[in-house]
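Right, one structure below, let's go through it.
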Amino acid sequence: MVRACGLLTGQDKPVALKSISVMLSINEFVAGVSATLNYENEEKVPLEAFFVFPMDEDSAVFTFEALVDGKKIVAELQDKIKAHSKYEDALAQGYQAYLLEEDACSRDVFRCNVGNLQPGSKVALTLRYVQELPLEADGALRYVLPAILNPRYHLSDRTEDSCLDMKTPIVALEDLPYTLSMDATITSQHGIERVQSNCPLHPILYHGNDKTSAQVSLAEGHKFDQDVEFLIYYSEVHSPSVAVEMGMPDMNPDSLMGDPCAMVSFYPDIPEIEASTACGEFVFLMDRSGSMQCPMGKQDRTQLRIDAAKETLILLLKSLPMGCYFNIYGFGSSYEAFFLESVKYTQKTMEEAVERVKLMSADLGGTEILTPLQDIYRGPSIPGHPLQVFVFTDGEVTDTFSVIKEVKFNSKKHRCFSFGIGEGASTSLIKNIARVSGGTSEFITGKDRMQSKALRSLKRSLQSVVEDISLSWDLPPDLSVSMISPEQTVIFSGQRLIAYAQLTGILPDTEAVGEVCLKYKFQGKSFEEKVKFSVQPKLDANLTIHRLAAKSLIQTKDLGFRETPARDKKEVMNLSIASGVMSSFTAFIAINKELNQPLQGSLAYREIPRPVLSCSTSLRSKQYSQALALTSSSSFRNARNVACCATMTYKQNGKPQAPSHAKKNFQYSTRQMGTTYSSTNMTNLQVFGTNDLVQLIYLQNANGSWDLDEGLAKVLRKRLEDIQAAHPAECVDSNTWATVLAVLWLHANGKDMKCEWDLLERKAVAWIRKNAGSTIPMLVKVGNTFLKSSVNPGIFAI
């Protein structure tokens, strides 16, 4: 029954969706959301209206209901195929029907059908869901209400049932026919320090002496030009906790929904150690599709995504340890690798890669990520160098389940660290490729810096492995526990660990206490953390913990309608229906049988428009928009016809071609810009940042040192002759002197960005210790005097 859903609607037609209202309740790190879609048919014919909208991958949707003329109709969660059949049958009989389902190709996109909406009638559809909130590096909990759903690129011809088979939206923001209102209540027993948002808010109201609750409301006039994002800072966010929730009385004991359910939260205090100098194989997979030409944020002067990506790649290259292996892939409609296979990290290979990164453009059309991933996995393993894949993309991919399945199939040979760039990136893709491979995911929007988040993931990839992770329970007699969450195999420093468990047996009549212990080994040492809790379950009408537990289990087995193994499909469907949490195999269906008016002809179809988001008013963005419109009109699959191959290594007829090293100044073609540049005159373009910190990073050698030259002098704002004159030449060579000055400058001038240069600074300090030895104290003293700084010599661990 599923029809291709577009975004175009006749400009002279009224739109059935009039408003969206959202009620948000955040308690500690769990959000409960109630979203109501208000429809009204102002036409003279009955309608069937479709609305496609994004939702976070981790959302557990558990309620869908309709309010028609004051009467509430609660939808049932059923087998999706049966729900479709009942929906069609209901419309054929003249009933009103409502359908809510996940998209066939991506778990973070939903479709709502309103069938047989009579002339002049109104209906309010409400869906409710719960989700865990991710923890940011600075301790903030992040809640995002997605407002942006980007057009997504087709991975294959198997997406005919997807509502993402859409044309480019053309509705301007000021012409959008529906509005959004949002009210939030935030509570924490530890107190709320502050709440920040990327959108205008009414004044925030705090309650209680310790600010244990807050009321937050979105200001009127939200234009759907960005996702709605809240950053919530609690006074204490790293305390371990256990919450126990009562099951459903009418469900059988020993079932997930009938027994009490526990939610365990730990923040393991894993020691920070020096990054491994040994190794690894690091493959960076960078999106070079046309949409990467968009700005990082909505402000006119925001850095373009592709430029931020290039700076990030160079920073990552400079931060890699000596002796490792690496490669860089660019992908779009086609893909291109810098090297035929991963190469050893040396000064020569690093310099070659940096020069190629500087020449990268968002010129490869659509977003086909599956093929380059398969090429990476086919590559030979390098003994002693575990594979770590870093994926950067704006996530505009249609068939995400195929990608997730491929990553999961190869999860034993690698870890994947993923980055969603810009608003509208697929949370289903970004979160799951990291989840199934034991990596981590990051989202970069607005004023977030891609560089800092990428370096945090690189540090994690260099950490020693945490081993033998386990949870042990000490419970009252006659009470046992079974884990619902999959076994935890990876923990990173600064990361929260959440697990769900089912409590089975006889609960004590009086207040009783249990204890959970997290145990793990790190670098041969054993660690454990304990937390005590009350085993008396608390009542929650929404069964929040049970729903989240069910969602976590569904996520481990549900790989979409097509990709899920047959043995898991029945289990996923049964769990979904029992818990009331939607999956790829279930859909909510509601039928109003009080309306029984036989259809006269077919229903008029109305597809609810969404806003078009222009990249910028700049010339480059206008050119991108024209190219995007061209590729969209014939599906992104045709984008390869207008894209160009622009690196020195590329794929031709599916076979890798060797790079040509005959000419250093190779020709670089960018057809979208209508200009051809050589590598010599490309350096005159602003393809890389010009601030001092970025330039200093660019000048660093692979081994961590700096050369004493004009480039370094320019960053230090000193004359080269003066630096040479201050050089204590009788003690050390010029490179050692230059490297000491560079490290001192970093600490004196770049403290706020330390998270970005931390790894390359560690490499520099290790090089200084090896080459300067006992002269370090003298060099630091002379360097501080020369730079007029007062950096603590302790940074060199002397």
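Right, residue 422: more than 20 Å from the chain's Cα centre (by Cα), under 26 Å from residue 227 (Cβ atoms) and open to solvent by less than 30 Å² (accessible area, probe 1.4 Å) or not?
For residue 422, the condition - more than 20 Å from the chain's Cα centre (by Cα), under 26 Å from residue 227 (Cβ atoms) and open to solvent by less than 30 Å² (accessible area, probe 1.4 Å) - is not met.
Select, from 771, 684, the only residue that is modelled with pLDDT of 90 or more and open to solvent by 20 Å² or more (accessible area, probe 1.4 Å).
771
Among the numbered criteria (1) in a helix (DSSP H, G or I); (2) touching a residue at least 24 places away in the same chain (Cβ under 8 Å); (3) open to solvent by 20 Å² or more (accessible area, probe 1.4 Å); (4) not β-branched (Val, Ile, Thr), which one does residue 542 miss?
(1)
Mind checking which pairs have a first residue in the stretch 769-798 that is assigned to a helix (DSSP H, G or I) and a second that is open to solvent by 100 Å² or more (accessible area, probe 1.4 Å), Cβ under 8 Å, 6 or more apart or different chains?
Filtered contacts from the stretch 769-798: 776/769; 784/790; 793/781; 796/769.
Which residues, counting only those in the stretch 318-351, are modelled with pLDDT under 95, closer than 12 Å to residue 282 by Cβ and not in a loop (DSSP other than H, G, I, E, B)?
If the condition is that a residue be modelled with pLDDT under 95, closer than 12 Å to residue 282 by Cβ and not in a loop (DSSP other than H, G, I, E, B), then 319 is the only one that fits.
Looking only at the stretch 462-477, how many residues end up being open to solvent by less than 30 Å² (accessible area, probe 1.4 Å) and not in a loop (DSSP other than H, G, I, E, B)?
Adding up the residues that qualify gives 3.
For the stretch 187-195, indicate whether the set of residues that are in contact with a Leu (Cβ under 9 Å, 6 or more places away or on another chain), open to solvent by less than 10 Å² (accessible area, probe 1.4 Å), assigned to a loop (DSSP other than H, G, I, E, B) and at pLDDT below 95 is non-empty.
No.
Taking the condition modelled with pLDDT of 85 or more, open to solvent by 30 Å² or more (accessible area, probe 1.4 Å) and touching a Ser or Thr at 6+ places or on another chain (Cβ under 8 Å), does residue 132 pass?
Judged against the criteria, residue 132 is not a match.
From the list 42, 57, pick out the single residue that is touching a helix residue (DSSP H, G or I) at 6+ places or on another chain (Cβ under 7 Å) and either free of Cβ contacts under 8 Å to residues at least 40 places away in the same chain or not in a strand (DSSP E or B) (or both).
The unique qualifying residue is 57.
A quick yes/no check of all residues on (1) open to solvent by 50 Å² or more (accessible area, probe 1.4 Å); (2) without any contact (Cβ under 8 Å) to a residue 12 or more places away in the chain; (3) assigned to a strand (DSSP E or B); (4) on the phi > 0 side of the Ramachandran plot:
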position	(1), (2), (3), (4)
485	no, no, no, no
488	yes, no, no, no
491	no, no, no, no
498	no, no, yes, no
502	no, no, yes, no
508	no, no, no, no
511	yes, no, no, no
516	no, no, yes, no
520	no, no, yes, no
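Would you check which residues across the stretch 214-238 are polar (S, T, N, Q) and closer than 23 Å to residue 266 by Cα and list them?
235
Out of the stretch 715-742, which residues are in contact (Cβ under 8 Å) with a residue 40 or more places away in the chain and closer than 18 Å to residue 776 by Cα?
Within the stretch 715-742, 723, 726, 728, 731, 732, 736, 737, 740, 741, 742 qualify.
If you check 760, 741, which single one turns out to be within 30 Å of residue 313 (Cα to Cα), open to solvent by less than 10 Å² (accessible area, probe 1.4 Å), at pLDDT below 95 and in a helix (DSSP H, G or I)?
760
Just give me the residues in the stretch 1-34 being modelled with pLDDT of 85 or more and of a type in the set (S, T, N, Q), in sequence order.
19, 21, 25, 27, 34
Suppose we keep only residues that are open to solvent by 10 Å² or more (accessible area, probe 1.4 Å) and over 22 Å from residue 401 (Cβ atoms) within the stretch 548-588. Which one would you say is farthest from the chain's Cα centre (by Cα)?
Among those that are open to solvent by 10 Å² or more (accessible area, probe 1.4 Å) and over 22 Å from residue 401 (Cβ atoms), it is 578.
At pLDDT below 85 and either more than 22 Å from the chain's Cα centre (by Cα) or within 23 Å of residue 427 (Cβ to Cβ) (or both): which single residue out of 37, 47, 100 fits that description?
When all the criteria are applied, what remains is 47.
Considering the stretch 201-220 alone, what residues qualify as being touching a strand residue (DSSP E or B) at 6+ places or on another chain (Cβ under 8 Å) and in a loop (DSSP other than H, G, I, E, B)?
202, 204, 211, 212, 219, 220
Has the stretch 85-97 got at least one residue that is surrounded by 21 or more Cβ atoms within 10 Å (Cβ to Cβ), in contact (Cβ under 8 Å) with a residue 40 or more places away in the chain, assigned to a strand (DSSP E or B) and touching a strand residue (DSSP E or B) at 6+ places or on another chain (Cβ under 7 Å)?
The answer is yes; a qualifying residue exists.
List every residue pair whose Cβ atoms sit under 6 Å apart, with the two residues 6 or more apart in sequence or on different chains, where the first one lies in the stretch 552-571 and is on the phi > 0 side of the Ramachandran plot and the second, anywhere, is assigned to a helix (DSSP H, G or I) and open to solvent by less than 20 Å² (accessible area, probe 1.4 Å).
Taking only residues 6 or more apart or on different chains, the pairs are 560/401.
Which of the residues belonging to the stretch 702-738 are surrounded by fewer than 18 Cβ atoms within 10 Å (Cβ to Cβ), not in a helix (DSSP H, G or I) and not aliphatic (A, V, I, L, M)?
If the condition is that a residue be surrounded by fewer than 18 Cβ atoms within 10 Å (Cβ to Cβ), not in a helix (DSSP H, G or I) and not aliphatic (A, V, I, L, M), then 707, 709, 717, 718, 719, 728, 730, 731, 733 are the ones that fit.
Listed here are the residues, each with its yes/no results for (1) at pLDDT below 90; (2) open to solvent by less than 50 Å² (accessible area, probe 1.4 Å); (3) assigned to a strand (DSSP E or B).
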{"residue": "229", "(1), (2), (3)": "no, yes, yes"}
{"residue": "233", "(1), (2), (3)": "no, yes, yes"}
{"residue": "239", "(1), (2), (3)": "yes, yes, no"}
{"residue": "242", "(1), (2), (3)": "no, yes, yes"}
{"residue": "253", "(1), (2), (3)": "yes, no, no"}
{"residue": "258", "(1), (2), (3)": "no, yes, no"}
{"residue": "265", "(1), (2), (3)": "no, yes, yes"}
{"residue": "272", "(1), (2), (3)": "yes, no, no"}
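The values are calculated or read from the model by the stated rules, or taken from the named source; none is laboratory data. Here the structure is a predicted model, which is why all the values come from computation and not from measurement. Neighbour counts are summed over all protein chains in view; Cβ atoms, including those assigned to glycine, are modelled from backbone coordinates with ideal geometry. Note: accessible area is taken over every heavy atom of the protein model, side chains too, but ligands, DNA and RNA are not part of it. Shrake-Rupley method; radii C 1.70, N 1.55, O 1.52, S 1.80 Å.
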